[in-house]
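The values are calculated or read from the model by the stated rules, or taken from the named source; none is laboratory data. Keep in mind the model is a prediction, meaning the values are calculated, not measured. Ideal geometry is used to build each Cβ from the backbone, glycine not excepted, and the neighbour counts take in all protein chains shown.
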Amino acid sequence: MKRTILFGALTALVVPVALTSCSESDEPNTGGTEADGEGKFVFATTVQGSNATSYVLLTGESLDEGTLSPINNGLLNDGATQWVFHKNYLYALTYNQGNAGTTRSYILGDDGEMKARGTEYRISRFSSYGAYDNDILTMATGESADVVDGNGYHAKMLNVTYLDVVNETSTTNHATAEHPYLMENFLGNGEYVTLAGAEQSGSRLYCGAIPMGLSQYGAAYDNGKWIRDGYEHLVHAEAGGSGSGSYKAGELVGTQYPDECWVAIYDNDDFLNPTLAKTDRISSPAGRYRSQYYQTIWAADNGDIYVFSPSYAKTMTDPLQKTRLNAGVCRIPAGSKQFDDYYCDIESQADGKSFMRCWPAGGNYFLMVMYDRPLTQSGFAGTDLAIFDATAKKLTYVNGLPSNITSLGKTVYTRNGNVYIPVNVENGYPTIYRIDPSTALASKGVVIEGASDITGFGFLETVK
């Protein structure tokens with residue numbers, strides 16, 4: 001089994017622009033074991049020079065051994081916020097703080113070299129993404145142009161972009177009066193939501209529904225109907241904040257219901273008429289970093305859906321918005337649309353520490369990026385790894401990793417019963433590490449000499 005695993009979604013405006021492909025240079029020769037099929041492993045690397053930063057796509061034959069170098073090798077590119085491998089195509093998704101970013105795709109040619117495809121997409125921003133059949137799905141919650149109240153407040157709606165990786169096309173959802181894709185009052189409590197991740201299992205899509213609080217539209221609705229008694233002080237009297245933390249006058253930022261977990265289950269990828277599954281044993285199902293929401297809903301090999309919550313609401317300032325629930329995991333059985341009685345408290349097995357990200361690691365195993373201290377303490381960072389055995393409900397920290405880790409990769413890759421992840425270290429080169437989920441033991445793999453970071457990696461078969 002080969003699987004490159006992602007998390008997340010994207011924005012509203014996508015305009016295809018025809019381009020010519022970039023030039024590329026010869027790739028380095030490396031040793032190591034061969035990958036399955038006709039193809040190569042691809043590494044998105046960052047090279048930090050004295051005066052400039054470069055981004056290079058390298059190819060190699062092995063994850064388990066050898067060295068590669070982006071110096072005078074590989075395909076130069078513009079970099080990406082997130083690299084997405086899907087059906088032998090590589091997409092570079094870019095987030096530019098609300099300004100137009102650029103997304104384009106790459107293939108491994110039949111000559112064994114990376115090539116840029118001819119279309120570039122201009123996008124505004126993204127908060128999460130996923131995949132369904134041939135499409136990379138990119139989603140974001142934004143303001144509706146058509147649903148406006150008497151105060152001039154715009155309702156929140158879902159913007160979805162479908163990037164067809166095979167045909168190299170893009171389409172967006174079209175809001176109508178019958179199907180406005182409203183995110184307001186999505187859970188029946190007046191709050192609007194954003195979606196975190198899109199995990200396909202069979203024909204269904206499972207998305208984390210993350211309550212964001214009351215927009216101006218929601219807070220003003222029916223003379224403040226949705227503002228809970230005692231929560232009035234959370235409504236901002238004036239605009240403030242900056243960047244992803246900015247807010248408008250009249251908004252209530254952050255949920256009034258931090259002790260709930262919701263999953264939106266769609267029968268297909270039209271994002272209409274979801275079934276909502278709820279549990280009060282865990283909090284919201286999404287990892288967080290600034291405005292990014294990381295997917296924490298994953299299908300195991302048998303089709304069961306495991307829903308992880310890091311309980312990030314423990315970081316909220318106001319006590320009314322802090323969750324009392326520990327980081328944990330619940331389950332929606334394969335074929336079901338509701339949670340069963342499965343539950344595991346992950347935080348209690350980690351000395352009070354939570355996690356930032358997680359991915360399936362084959363079978364009923366999951367790889368987790370753990371924080372180095374509880375969320376209730378300042379300065380926490382995700383620099384530890386652990387394996388969660390969902391069958392045994394057991395968390396085991398990974399042994400065999402270097403002691404000078406500065407950051408961990410954004411994607412993982414599963415192959416032959418192992419899971420692989422990039423590890424960036426202080427005063428050293430980024431390296432791929434192989435982890436055996438059954439033992440939680442890590443082994444050093446291929447080293448990318450001359451690079452400062454591995455921002456993505458996966459396997460591509462040749463496209464003719």
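Only one entry in Asp146, Asp133 is surrounded by fewer than 17 Cβ atoms within 10 Å (Cβ to Cβ) and either among the polar types (S, T, N, Q) or free of Cβ contacts under 8 Å to residues at least 40 places away in the same chain (or both), namely Asp146. Checked against the criterion of being surrounded by fewer than 22 Cβ atoms within 10 Å (Cβ to Cβ), free of Cβ contacts under 8 Å to residues at least 24 places away in the same chain and either more than 27 Å from Asp436 (Cα to Cα) or of a type in the set (D, E, K, R) (or both), the candidates Gln377, Gln338 yield just one match: Gln377. Among the residues making up the range 299-315, those that are of a type in the set (Val, Ile, Thr) and closer than 22 Å to Tyr266 by Cβ are Ile305, Val307. Entry remark, the range 84-109: residues being surrounded by fewer than 24 Cβ atoms within 10 Å (Cβ to Cβ) and modelled with pLDDT under 90 number 9 in total. In the range 163-172, what residues are surrounded by fewer than 19 Cβ atoms within 10 Å (Cβ to Cβ), under 25 Å from Tyr293 (Cα atoms) and in contact (Cβ under 8 Å) with a residue 40 or more places away in the chain? Listed by number, the list holds a single entry, Thr172. Scanning the range 149-161 for residues that are touching a residue at least 40 places away in the same chain (Cβ under 8 Å) and surrounded by fewer than 19 Cβ atoms within 10 Å (Cβ to Cβ), we see that the one that is farthest from Arg104 (Cα to Cα) is Asn151. Look at (1) over 19 Å from the mean Cα position of the chain (by Cα); (2) modelled with pLDDT of 95 or more and you find that Phe308 fails only one, number (1).
Scanning the range 125-139 for residues that are assigned to a strand (DSSP E or B) and farther than 14 Å from Leu158 by Cβ turns up Ala131, Tyr132, Asp135, Ile136.
When you look at Gly150, is it part of a loop (DSSP other than H, G, I, E, B) and over 29 Å from Tyr429 (Cα atoms), yes or no? Criteria met by Gly150.
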